[in-house]
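**Q** One structure is given below, represented as structure tokens, and several questions about it will come after.
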Amino acid sequence: TPLRANASMCYQGVVPAGDGFKLDVAGIEQFRANGAFDSKIIRPYALGKDLVQRAEQRFIIDLFGYQEAEARSEQPYAFQHLLNRVKPERDHNSRASYRDRWWLFAESRPAMREALTGLRRYIGTPYTAKFRPFVFIDGQVIPDAMVYAISSEDALTLGVLSSCLHEFWCKKFGGTLEDRPRYNSKATFFPFPFPHDDTGLTPALAERIRQLAEQLDAHRKARQAAHADVTLTG
């Protein structure tokens, strides 16, 4: 049964539906050279594999909140970029909303954005993964649909989600893709009973879990940064 305490916390990331939204480092340099780089609409972007491998530099053009006329007048370079690279593909989409609002992601996840607003970091986990890692992601990063975002910056939450008990819970109630487990917010996150002070979670124990979770997250990221060939599984 979904628990009210877990509501509005776990979301699947955005679905761009168009590779033209995505920018590599060379694309970013083109925007800079034309004086069109705006960090409000050009955001870091994370795929599921970025959480388990050495993260690549990815960016995405995000015009969420812009009407078409506003985007054209206020962000003309980005608008033209999407007009050339996204609209032709979207014109053939079977869903009218995707065709008509071609300058926006197919699924922009407004509820997720609201939940993540103001957080300096949030917790992410890959949609599909042989092992189930939970990692902190910088609050400026937009998660792809292959990432589930959990709107908490508390290392206690990260520690509980990283526990062997929650790992067993995920394997028991989550789905699968071939032989690889898949996360499912409805079946996995929303019903999960997080510990509370009335179930034995003392302030001292909560603080110890926080310390361990911070150490775990920092250690994994440091190893990934130091060794390009080391995946999180490795």
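**Q** Any residue that is of a type in the set (A, V, I, L, M) and either touching a Phe, Trp or Tyr at 6+ places or on another chain (Cβ under 9 Å) or within 24 Å of A222 (Cβ to Cβ) (or both) - is there at least one of those in segment 163-176? Quick ask: steps written out before the conclusion?
**A** Here is the first cut: in segment 163-176, the ones of a type in the set (A, V, I, L, M) are 165.
Pick out the ones that are also either touching a Phe, Trp or Tyr at 6+ places or on another chain (Cβ under 9 Å) or within 24 Å of A222 (Cβ to Cβ) (or both) and you get none.
Scanning segment 163-176, I find no residue that is of a type in the set (A, V, I, L, M) and either touching a Phe, Trp or Tyr at 6+ places or on another chain (Cβ under 9 Å) or within 24 Å of A222 (Cβ to Cβ) (or both), so the answer is no.
**Q** Just name the residue that is farthest from Q80 (Cα to Cα) out of those in segment 15-45 that are in contact with an Asp or Glu (Cβ under 6 Å, 6 or more places away or on another chain) and assigned to a strand (DSSP E or B). Break it down stepwise before answering.
**A** First pass over segment 15-45, keeping only residues in contact with an Asp or Glu (Cβ under 6 Å, 6 or more places away or on another chain): 15, 18, 41, 43.
From the residues that got through so far, the ones that are assigned to a strand (DSSP E or B) too are 15, 43.
Details: V15: 21, R43: 18 Å.
Taking the candidates together, the pick is V15.
**Q** Filter segment 146-158 for residues that are over 11 Å from Y45 (Cα atoms) and not acidic (D, E) and give the result.
**A** Of segment 146-158, the ones over 11 Å from Y45 (Cα atoms) are 146, 148-158.
M146, Y148, A149, I150, S151, S152, A155, L156, T157, L158 - these are the residues of segment 146-158 that are over 11 Å from Y45 (Cα atoms) and not acidic (D, E).
**Q** Does F131 qualify as being touching a residue at least 60 places away in the same chain (Cβ under 8 Å) and either at positive phi or surrounded by fewer than 18 Cβ atoms within 10 Å (Cβ to Cβ) (or both)? Working first, answer last.
**A** Working: touching a residue at least 60 places away in the same chain (Cβ under 8 Å): yes; either at positive phi or surrounded by fewer than 18 Cβ atoms within 10 Å (Cβ to Cβ) (or both): yes.
For F131, the condition - touching a residue at least 60 places away in the same chain (Cβ under 8 Å) and either at positive phi or surrounded by fewer than 18 Cβ atoms within 10 Å (Cβ to Cβ) (or both) - is met.
**Q** Return the total of residues in segment 161-171 being open to solvent by 40 Å² or more (accessible area, probe 1.4 Å) and either at pLDDT 95 or above or more than 14 Å from K130 (Cα to Cα) (or both). Quick ask: steps written out before the conclusion?
**A** Narrowing segment 161-171 to residues open to solvent by 40 Å² or more (accessible area, probe 1.4 Å): 162, 164-165, 167-169, 171.
Those still in the list that are either at pLDDT 95 or above or more than 14 Å from K130 (Cα to Cα) (or both) too: 162, 164-165, 169.
Within segment 161-171, residues that are open to solvent by 40 Å² or more (accessible area, probe 1.4 Å) and either at pLDDT 95 or above or more than 14 Å from K130 (Cα to Cα) (or both) number 4.
Per-residue answers, yes or no, for (1) at pLDDT below 95; (2) closer than 14 Å to G18 by Cα; (3) open to solvent by less than 70 Å² (accessible area, probe 1.4 Å); (4) in contact with an Asp or Glu (Cβ under 6 Å, 6 or more places away or on another chain):
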site: G48; (1), (2), (3), (4): yes, no, yes, no
site: Q57; (1), (2), (3), (4): yes, no, no, no
site: I60; (1), (2), (3), (4): no, yes, yes, no
site: A69; (1), (2), (3), (4): no, no, yes, no
site: P76; (1), (2), (3), (4): no, no, no, no
site: L83; (1), (2), (3), (4): no, yes, yes, no
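**Q** Enumerate the strands (runs of 3 or more DSSP E) found wholly within segment 141-227, keeping only those where 1 or more residues are in contact (Cβ under 8 Å) with a residue 12 or more places away in the chain and within 21 Å of R120 (Cα to Cα).
**A** Numbers: elements: 147-150, 175-177, 180-182.
Here the list reads 147-150.
**Q** Y98 fails exactly one of the following numbered conditions: (1) open to solvent by 40 Å² or more (accessible area, probe 1.4 Å); (2) touching a residue at least 60 places away in the same chain (Cβ under 8 Å). What is the number of that condition?
**A** (1)
**Q** Given (1) in contact with a Pro (Cβ under 9 Å, 6 or more places away or on another chain); (2) closer than 16 Å to Y183 by Cα; (3) at pLDDT 95 or above, where does R132 come up short, assuming only one miss?
**A** The single condition R132 does not satisfy is (3).
**Q** Scan segment 188-210 residue by residue and report those that are under 17 Å from S8 (Cβ atoms) and either at pLDDT below 90 or of a type in the set (A, V, I, L, M, F, W, C) (or both).
**A** F189, F190, F192, F194
**Q** Further question on the same structure: Residues of segment 21-32 being surrounded by fewer than 19 Cβ atoms within 10 Å (Cβ to Cβ) and either at pLDDT 95 or above or not aliphatic (A, V, I, L, M) (or both), which ones?
**A** Within segment 21-32, the first condition is being surrounded by fewer than 19 Cβ atoms within 10 Å (Cβ to Cβ), and the residues that meet it are 22, 24-30, 32.
Listed by number, the residues that qualify are K22, D24, G27, E29, Q30, R32.
**Q** State the number of residues belonging to segment 102-117 that are touching a residue at least 24 places away in the same chain (Cβ under 8 Å) and either loosely packed, with under 11 Cβ neighbours inside 10 Å or not aromatic (F, W, Y) (or both).
**A** Number satisfying all stated conditions: 11.
**Q** Failed condition for G124, given (1) under 14 Å from the mean Cα position of the chain (by Cα); (2) outside any strand (DSSP E or B); (3) surrounded by 19 or more Cβ atoms within 10 Å (Cβ to Cβ), with all others met?
**A** G124 satisfies all of (1) under 14 Å from the mean Cα position of the chain (by Cα); (2) outside any strand (DSSP E or B); (3) surrounded by 19 or more Cβ atoms within 10 Å (Cβ to Cβ) except (2).
**Q** May I ask you to list the residues in segment 93-113 that are touching a strand residue (DSSP E or B) at 6+ places or on another chain (Cβ under 8 Å) and of a type in the set (S, T, N, Q)? Step through it out loud before you land on a result.
**A** The first filter runs over segment 93-113 and keeps only residues touching a strand residue (DSSP E or B) at 6+ places or on another chain (Cβ under 8 Å), leaving 105-109, 111-112.
If the condition is that a residue be touching a strand residue (DSSP E or B) at 6+ places or on another chain (Cβ under 8 Å) and of a type in the set (S, T, N, Q), then S108 is the only one that fits.
**Q** Can you pull out the residues in segment 90-121 that are in contact with an Asp or Glu (Cβ under 8 Å, 6 or more places away or on another chain) and assigned to a helix (DSSP H, G or I)?
**A** Residue satisfying the conditions is R99 alone.
The values are calculated or read from the model by the stated rules, or taken from the named source; none is laboratory data. Keep in mind the model is a prediction, meaning the values are calculated, not measured. All Cβ positions, glycine included, derive from the backbone under ideal geometry; neighbour counts span all protein chains shown. All accessible areas refer to the heavy atoms of the entire protein, side chains included, with ligands and DNA or RNA removed. Shrake-Rupley method; radii C 1.70, N 1.55, O 1.52, S 1.80 Å.
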